[in-house]
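J.: Provided herewith is a single structure, encoded as structure tokens, for subsequent inquiry.
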Amino acid sequence: METRNDFFKSCAERFEITGRVISADNYGNGHINDTVKVVTDDGEKQRRYILQKVNGNVFKKPEQVLSNIEKVTAFLKVRANSEREVLSLIPTKDGKTYIKDDDGNLWRMYNFIEDSVCLDIVEDERDFYECAFAFGKFQRDLRHFPADTLYETIPNFHNTPIRFGAFLSAVSADKCGRAENVRKEIDFITSRQDFYSVLIDAEARGDLPVRVTHNDTKSNNVMLDKTTRKALCVIDLDTIMPGYSVTDFGDAIRFGASTAAEDEKDLDKVHFNIDLFKAYTKGYLAGCDGKLIPTEIMLLPEGAKMMTIECGMRFLTDYLEGDTYFKTAYPEHNLVRARTQLKLVREMEEQWDEMKRTVKQYAGGNA
Ligand code: ADP
Ligand code: GN1
Ligand code: MG
């Protein structure tokens, strides 16, 4: 009988790889994609590749995801100094960017970023600065890329008012009878509803431009050099779409400027770390290198709070709907995740003035 690993191997062999596949095993711990590390051997050298299944539940039109990635990586490649600085799609043997398996799932392959690490929890301000610099540089490098040539692969991905609407529907449907036990969390989210349109309103005023954005700027989506700890490469490009720089900034803060994991059960361990916020602000603005507009820079704290509460409501929505979106390891997993996000929001609100001051300080003449 064909095992899962045999299946991965047969998928890998359909790409233009060098050598014979000697192993193909599950790798990494993302919430969305299935990631496989493929090792090949041509008798002289072993090589590694990353094979990934695009999640068809999340991305309803996976071909469009591949189209976006193909365009953006080609654009970035011209600006990169080495192959460790950019993801490259490995073509299939028939010259395409993906294969389709018998169940209709799309698989693509990338070069493996060698001698690198990525961080699920950030402890060191220098590491976080590096992640920030990488995402800032990503923004700067893509500033002349025409955003309107990209597909919106998950419509309204970071449209918080729409996310809030979906949350309210999940609360009223209460499909799994879970709402009663999370009344406190529901109230926390509904009591802040005036905030949710702040970024969209800023765009309407002309204060917040639409750019090419990554949309999933967690620290574990930047590979750092294992030895120097310098940022090498931004990965996980599936959600590249038109969006706001401040939400890219904000999602990174939500995930990385916390003292605990996104799914820490003990809320006493979860704090918003203002020093990490400062390090990221400094690194991001340095990476952007003066290419953001002043009104946009001043909205960075709003981006942080928006992404954190939005993610909290997404986790809670999924919990109320029976855990159909995010991968979960146990029944309360999404609720645990939602609670960490709400705790961080509360602490951001307590440190709001300091967040605003920090942005002003590092923006220098740009704000
Ligand atoms: P997900 O969307 O599930 O988070 P990612 O693309 O982020 O998927 O991949 C999951 C993990 O696999 C990453 O956190 C990283 O550890 C590893 N990884 C992904 N792409 C590469 C690559 N090109 N080189 C080395 N490691 C990679
Ligand atoms: C998902 O794929 P991964 O684990 O990097 C999600 C993000 C959430 C994140 C929460 C396409 O990201 O939006 O912020 O989980 N990606 C998608 O950890 O929904
Ligand atoms: Mg990832």
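J.: Enumerate the lysines that Lys60 could reach by cross-link, defined here as Cα to Cα under 24 Å, with residues fewer than 8 away along the same chain left out.
T.: Lys60 reaches Lys71, Lys96, Lys100, Lys175, Lys218, Lys327.
J.: So what does log10 I(q)/I(0) come out to for the chain at q = 0.10, 0.12, 0.15 Å⁻¹, using the Debye formula with one equal point on every Cα and no solvent?
T.: -0.63, -0.92, -1.41
J.: Take the chain, connect every pair of alpha-carbon atoms lying under 10 Å apart with a spring to form a Gaussian network, then pick out the residue of Thr239, Thr328, Thr317 with the largest mean-square fluctuation.
T.: Largest GNM mean-square fluctuation: Thr328.
J.: Can you give me the relative contact order of segment 125-366 as a percent, contacts being Cα pairs under 8 Å and 6 or more apart?
T.: 30 percent
J.: Please build a GNM for the chain, connecting alpha carbons under 10 Å apart, and tell me which residue among Ala24, Ala252, Ala338 fluctuates the most.
T.: Largest GNM mean-square fluctuation: Ala24.
J.: Could you tell me how many degrees, from 0 to 90 and to the nearest 10, lie between the Cα long axis of helix 300-320 and the main elongation axis, the longest principal axis, of the Cα atoms of the chain?
T.: Here the helix axis deviates by roughly 70 degrees.
Taken together, the values in this text are just the output of simple stated rules run on the coordinates, not laboratory data. It should be emphasised that the depicted structure is a prediction, and the values quoted were computed from it without experimental measurement.
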